[in-house]
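The values are calculated or read from the model by the stated rules, or taken from the named source; none is laboratory data. For clarity, every value in this text was computed on a predicted model and none was experimentally measured. Side chains included, ligands, DNA and RNA excluded: accessible areas come from the protein's heavy atoms. Shrake-Rupley method; radii C 1.70, N 1.55, O 1.52, S 1.80 Å.
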Amino acid sequence: MKSQMTVLYADMSVPVAEQPAEKNNKALSFQETQPVDLHQLVNQLIKALLPLSVKQKSLMLNDIDPEFTIRTDEHKLAFVLWNLLNNTIVKNQCNCIHIE
């Protein structure tokens, strides 16, 4: 089986539009923000997803700058990144997932 590479970019230069968070159309609340070390957060997610990654024979590489921080809701960001990484692993086998 041919190995492929998937690259996920942590580019925060793209503006984020507010979208409905719940069925009652309340806007996302960004009041609970704090500085988040993105490199460390991605490392934690990679560690948690390691069993699935091994099962799918995939490798995840965290190439996010260790000095990169973002002011955000850490739980919401972790949820989004978890879904992106999980879906990438599940949909691909024998893949190198390069996160930068």
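When the solvent-accessible surface of protein heavy atoms is calculated with a 1.4 angstrom probe, in what order do LEU41, LEU52 fall, highest first?
My answer, sorted largest first, is LEU52, LEU41.
Whenever you get a sec, line up ILE89, ILE70 from highest to lowest accessible area (probe 1.4 Å, protein heavy atoms).
Highest to lowest solvent-accessible surface, that is ILE70, ILE89.
Taking amide H positions as placed 1.01 Å from N in the peptide plane, with prolines and chain starts having none, which residues 5 or more places from HIS98, or on another chain, fall under 5 Å of its amide H?
When sequence neighbours closer than 5 places are left aside, the close amide H contacts are THR6, VAL7, LEU8, LEU61.
Could you derive backbone 3J(HN,Hα) for region 80-91 from the dihedral phi with the Karplus parameters 6.51, -1.76 and 1.60 (θ = phi - 60°), listing whole Hz in sequence and x where the residue is Gly or Pro?
Rounded to whole hertz, the list is 5, 5, 4, 4, 4, 5, 4, 5, 5, 5, 5, 7.
Roughly how much of GLU100 is accessible, in Å² to the nearest 10, using a 1.4 Å probe?
For GLU100, solvent-accessible area is about 70 Å².
Quote the accessible area belonging to VAL54 in square angstrom, nearest 10, computed with a 1.4 Å probe and with ligands, DNA and RNA left uncounted.
Estimated to the nearest 10 Å², VAL54 gives 100 Å².
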